[in-house]
Amino acid sequence: MVSALYAVLGALLLVKFSIDVLRLRSQYRVSYGDGGFSELQSALRIQSNAMEFLPLALVLLLFMEMNGAFTWMVHVCGLLLIAGRVMQYYGYQHHLIGWRRSGFSATLCALLLMVLTNLWYMPWELVFSVR
């Protein structure tokens, strides 16, 4: 399954983001919250952003593949999703609002494409069957 590749890449991103948060919590000796440290605030936002978008997006990607979308469509959406998360990470790390916006836009485009593709390829005869 092609979507498994993007689930693995998404999981690796989450691991990276979580390690960043743990490292900064240890460095600044902060157990809860951000302790007022902007670097930790950014790391927490990066991690939270990924947790907000990746799970739903990966489910949509899997359904898209299961509904029979072309493999290239799954790759386009998966690449757009992962690229968006990486761009947003880069933007947060380097305080570049343009990269953050582009990453967010890429993520939203991927989600919208996955929603539309799922609606197109959905087995409507099964959805509306009375059996």
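The table that follows gives values for the structure above.
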quantity	calculated
Filter result (open to solvent by less than 30 Å² (accessible area, probe 1.4 Å) and β-branched (V, I, T)) within the stretch 34-61	I46
The one condition in (1) open to solvent by 60 Å² or more (accessible area, probe 1.4 Å); (2) under 16 Å from F17 (Cβ atoms); (3) among the hydroxyl-bearing types (S, T, Y) that T71 fails to fulfil	(2)
Pair list, Cβ under 7 Å, 6 or more apart: the stretch 93-108 residue free of Cβ contacts under 8 Å to residues at least 24 places away in the same chain and among the basic types (K, R), other residue open to solvent by less than 80 Å² (accessible area, probe 1.4 Å) and in a helix (DSSP H, G or I)	R100/Q88; R100/G91; R100/Y92
Where a residue in the stretch 111-131 is under 24 Å from R85 (Cβ atoms) and its partner, wherever it lies, is open to solvent by 70 Å² or more (accessible area, probe 1.4 Å) and in a helix (DSSP H, G or I), with Cβ under 7 Å and at least six apart	N118/F63
Single unsatisfied condition, D20 versus (1) of a type in the set (D, E); (2) closer than 17 Å to Y90 by Cβ; (3) surrounded by fewer than 18 Cβ atoms within 10 Å (Cβ to Cβ)	(3)
Matching residues in the stretch 74-95 - criterion: being surrounded by 14 or more Cβ atoms within 10 Å (Cβ to Cβ) and under 16 Å from A43 (Cα atoms)	R85, V86, M87, Q88, Y89, Y90, G91, Y92, Q93
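The values are calculated or read from the model by the stated rules, or taken from the named source; none is laboratory data. Everything numeric in this text was worked out from a predicted model, so none of it was measured. Every residue, glycine as well, gets a Cβ built from its backbone with ideal geometry; the counts of neighbours run over all protein chains shown. All accessible areas refer to the heavy atoms of the entire protein, side chains included, with ligands and DNA or RNA removed. Shrake-Rupley method; radii C 1.70, N 1.55, O 1.52, S 1.80 Å.
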